[in-house]
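Visitor: Dropping a structure here in structure tokens format, bear with me for questions.
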Amino acid sequence: MKCRYCKSEIQDGSLYCSQCGSQLFRSRKQELTIPKPKQRADGSWAGQLMVNGKRMTVKGNTAEEYEINARATKAGLIASKDEPPKLALGDIIDSYIASNEHVLSPSTIRGYATIRKHCFKNYMQKDVQSIAWQKMVNSETFLHSPKTVKNAWGLVSASLAAADIRVPHVNLPKLQQKETLFLDHDQIKIFLEAIKGKPSELAILLGLHSLRQSEIIALKANDIRDGYIHVNKAAVPNERNYLVLKKTTKTKLSTRVIPVMIPRLNELLPEPSDKRLCPEDDSTIYKRINRYCESAGLPKIGIHGLRRSFASLCYYLKIDERTVMQLGGWSNMQTVHECYIKLAQKDQNVQVEKLKNYFNTPSE
């Protein structure tokens, strides 16, 4: 092959002559195809280009400015903007949990970790910008209870909001109202006899004084003195199921002083010390309560049912609502009315009989 300028022999296929340096072949100019723009509502112009296999939007205040920007972008004179970074749902949730580790209760963190592990598993690696949220929620309703789905969505919503991502609206499954079991005033007496001398009796008696599960487990021997129970802390399991002592109760009003009202409690108290008064774990206490209830022919109420039974007894004895709220550490009476104070069926039947007697009695 010869150079067409200096006629020197050069290697076949060379772009430049090794003797004179002349460019032997001119590269063909690439024709830039620019799609026509569309005018937006705000008066600007925009169109979509394919750059390096990626679709992107180019804008301009006028059609001419759009064309200049589009040609420059297509030619590589203006660097195309990268796509927004992908944000996986699981990463956003992990970040939210980690940032609140020292703010939220260990039991709350434990609940979040459980949700992260078991809920929305097919979506945790997906970019949040590509998720069809309602479809995601709908798919979970076949796997978990409505309450679990609601709690899981609450975590997703909080995580999105913390990451400054708009929280979409979704329709959640309706919660099924569970029957709240408790013992009425007659059943409490039967239950007290059934638990006498049995394991966890002390913990059960504390529950009948309105203490929550976390408050019972956290109580120490020296917290009961001079005939009063001093409730000022709680113990909850963390995500590793280790018990963590909180130096605060669930709410501000939960920190309270309760007089010992069941004499048997005083008989079971050990010497004052810094040791936990009830070393059993919550699941053990729960199972024992239900076993004692079953053997006595009573409804299985669990640990929290003791607290409801206390409130029901107060209602039966016509204790004023302010006293009930203070003893139980409830923040407002609405909670007491809706969740705890339940008119025992036996009492309701008595009232109905009064109505029947009225209508069945002939007038004189």
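None of the figures in this text is laboratory data; all of them are computed from the coordinates on show. Everything numeric in this text was worked out from a predicted model, so none of it was measured. All Cβ positions, glycine included, derive from the backbone under ideal geometry; neighbour counts span all protein chains shown.
Visitor: Could you give the distance between the Cα centres of region 106-167 and region 253-279, to the whole Å?
Guide: Region 106-167 and region 253-279 have Cα centres spaced 41 Å from each other.
Visitor: Let me ask something else about it. Through the Karplus equation 6.51 cos²θ - 1.76 cosθ + 1.60, θ set to phi - 60°, convert the phi angles of region 88-98 into ³J(HN,Hα) values in whole Hz; use x for Gly and Pro.
Guide: Karplus-based 3J(HN,Hα) across region 88-98 equals 6, 4, x, 5, 5, 5, 4, 5, 5, 4, 5 Hz.
Visitor: Which of these, G60, G328, G111, has the largest mean-square fluctuation under a Gaussian network model of the chain (Cα springs below 10 Å)?
Guide: G60
Visitor: A further question on this structure: Please find, in a Gaussian network model of the chain (springs between Cα atoms separated by less than 10 Å), the residue of K233, K54, K150 whose mean-square fluctuation is greatest.
Guide: In the Gaussian network model the winner is K54.
Visitor: Size of the dipole of region 185-348 about the Cα centre, Lys and Arg at +1 and Asp and Glu at -1 on the beta carbon, nothing else charged, in debye to 20?
Guide: Dipole magnitude for region 185-348 comes out near 260 debye.
Visitor: Mind sorting W133, W45 by how few other Cβ atoms lie within 10 Å of their own Cβ, fewest first?
Guide: W133, W45
Visitor: Using a Gaussian network model on the chain with a 10 Å cutoff between Cα atoms, which of Q176, Q125, Q48 fluctuates the most?
Guide: Greatest mean-square fluctuation among the candidates belongs to Q48.
Visitor: Residue-wise, which Karplus ³J(HN,Hα) couplings in Hz belong to region 296-311, taking 6.51 cos²θ - 1.76 cosθ + 1.60, θ = phi - 60°, and x for glycine or proline?
Guide: Result, rounded to whole Hz: 9, x, 10, x, 6, 10, x, 5, 5, x, 5, 5, 5, 5, 4, 5.
Visitor: Then there is this: Please rank V58, V170, V336, V324, fewest neighbouring Cβ atoms within 10 Å first, as an exposure proxy.
Guide: V170, V336, V324, V58
Visitor: Skipping prolines and chain starts, which residues have an amide H placed within reach, meaning under 5 Å, of the one on Y228, given they are 5 or more residues away or on another chain?
Guide: Residues meeting the criterion, in which the H sits 1.01 Å from N, are V260.
Visitor: Which one of L269, V350, S99 is farthest out on the positive end of the charge dipole of the chain, using unit charges on Cβ (Lys, Arg +1; Asp, Glu -1) and the Cα centre as origin?
Guide: S99
Visitor: Now a separate question. What's the magnitude of the charge dipole for the chain around its Cα centre, counting Lys and Arg as +1 and Asp and Glu as -1 at the beta-carbon? Answer in Debye, nearest 20.
Guide: Value, rounded to 20: 1220 debye.
Visitor: Provide the FRET efficiency to the nearest 0.05 for the Q39-S105 pair, computing r from the beta carbons and using R0 = 41 Å.
Guide: Plugging the Cβ-Cβ distance into 1/(1 + (r/R0)^6) gives 0.15.
Visitor: At R0 = 51 Å, how high is the FRET efficiency between T255 and M124 if r is their beta carbon distance? Nearest 0.05 is fine.
Guide: Given R0 = 51 Å and the Cβ-Cβ separation, E is 0.85.
Visitor: Projected onto the charge dipole of the chain (+1 at Lys/Arg Cβ, -1 at Asp/Glu Cβ, origin at the Cα centre), which of S145, A162, L181 gives the Cα projection farthest towards the positive end?
Guide: A162
Visitor: Take a quick pass over region 220-279 and tell me how many lysine pairs come in under 12 angstrom between Cα atoms, counting only ones 8 or more apart or on separate chains.
Guide: For region 220-279, the number of qualifying lysine pairs is 6.
Visitor: Take I131 and K346, extend 7 Å from each Cα along the Cα→Cβ direction, and tell me the distance between the two endpoints in nm.
Guide: 5.0
Visitor: For the chain, what is the mean residue ellipticity at 222 nm derived from helices alone (per DSSP H run of n ≥ 4: -39500 (n - 2.57); sum divided by total residues; nearest 500 deg cm²/dmol)?
Guide: That calculation yields -12000 deg cm²/dmol at 222 nm.
Visitor: Per residue of region 169-176, what does 6.51 cos²θ - 1.76 cosθ + 1.60 with θ = phi - 60° give for ³J(HN,Hα)? Whole Hz please, x for Gly and Pro, Karplus curve as stated.
Guide: Rounded to whole hertz, the list is 8, 9, 8, 9, x, 6, 6, 8.
Visitor: In region 308-323, which residues have a backbone nitrogen under 12 Å from the label point lying 7 Å from L175's Cα in the Cα-to-Cβ direction?
Guide: Taking a point 7 Å out along Cα→Cβ of L175, no residue of region 308-323 has its backbone N under 12 Å.
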